[in-house]
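Please treat every number below as a calculation from the coordinates, not as lab data. Just so it is clear, the structure is predicted and the values come from calculations on it, not from any experiment. Cβ: placed from backbone, ideal geometry, glycine included. Neighbour counts: every protein chain shown.
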């Protein structure tokens, strides 16, 4: 298992229930695949540096976890399919 830092941005144009559902589903990908969430931080709504798909604001989240590479591949697959997600970034902290 490696330690990963994941940051993702959820659209602000969707209702609060969909934001919560998106965040919970992404967190469950880690925990359902035998990963361990070390830290989860809701960073709040922030203005994007530049417009992305007509979105100018987003809800920022930071997730630090221990997970296998297969779990991260599944996380990225789900993140690409989620229409409420603007962007995500996964950093392997063990390779720095």
How many residues are in contact (Cβ under 8 Å) with a residue 24 or more places away in the chain, more than 17 Å from residue 66 (Cα to Cα) and out of contact with any helix residue (DSSP H, G or I) (no Cβ under 7 Å at 6 or more places or on another chain) if we restrict to region 1-20?
-> 7
Qualifying residue in region 36-45 (condition: outside any strand (DSSP E or B), exposed (fewer than 15 other Cβ atoms within 10 Å of the Cβ) and without any contact (Cβ under 8 Å) to a residue 40 or more places away in the chain) = no
Do we find a residue being in contact with a helix residue (DSSP H, G or I) (Cβ under 6 Å, 6 or more places away or on another chain), assigned to a strand (DSSP E or B) and crowded, with 16+ Cβ neighbours inside 10 Å anywhere in region 71-82?
-> no
Of all residues in region 1-23, which are surrounded by 13 or more Cβ atoms within 10 Å (Cβ to Cβ), under 15 Å from the mean Cα position of the chain (by Cα) and not in a strand (DSSP E or B)?
-> 12, 18, 19, 21, 22, 23
Of the residues in region 65-96, those that are free of Cβ contacts under 8 Å to residues at least 24 places away in the same chain and under 22 Å from residue 54 (Cα atoms) come to 80, 81, 83
Number of the condition not met by residue 54 [criteria: (1) surrounded by 10 or more Cβ atoms within 10 Å (Cβ to Cβ); (2) farther than 16 Å from residue 19 by Cα] | (1)
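Can you give me the number of residues within region 24-35 that are buried (at least 18 other Cβ atoms within 10 Å of the Cβ) and in contact (Cβ under 8 Å) with a residue 40 or more places away in the chain? Walk me through how you get there before you give the answer.
Of the residues in region 24-35, the ones buried (at least 18 other Cβ atoms within 10 Å of the Cβ) are 26-27, 29-30, 35.
Filter again for in contact (Cβ under 8 Å) with a residue 40 or more places away in the chain, leaving 26, 29-30.
Summing the residues that are buried (at least 18 other Cβ atoms within 10 Å of the Cβ) and in contact (Cβ under 8 Å) with a residue 40 or more places away in the chain in region 24-35 gives 3.
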Which one of these is assigned to a helix (DSSP H, G or I) and in contact with a strand residue (DSSP E or B) (Cβ under 9 Å, 6 or more places away or on another chain): 48, 63, 26, 89?
-> 26
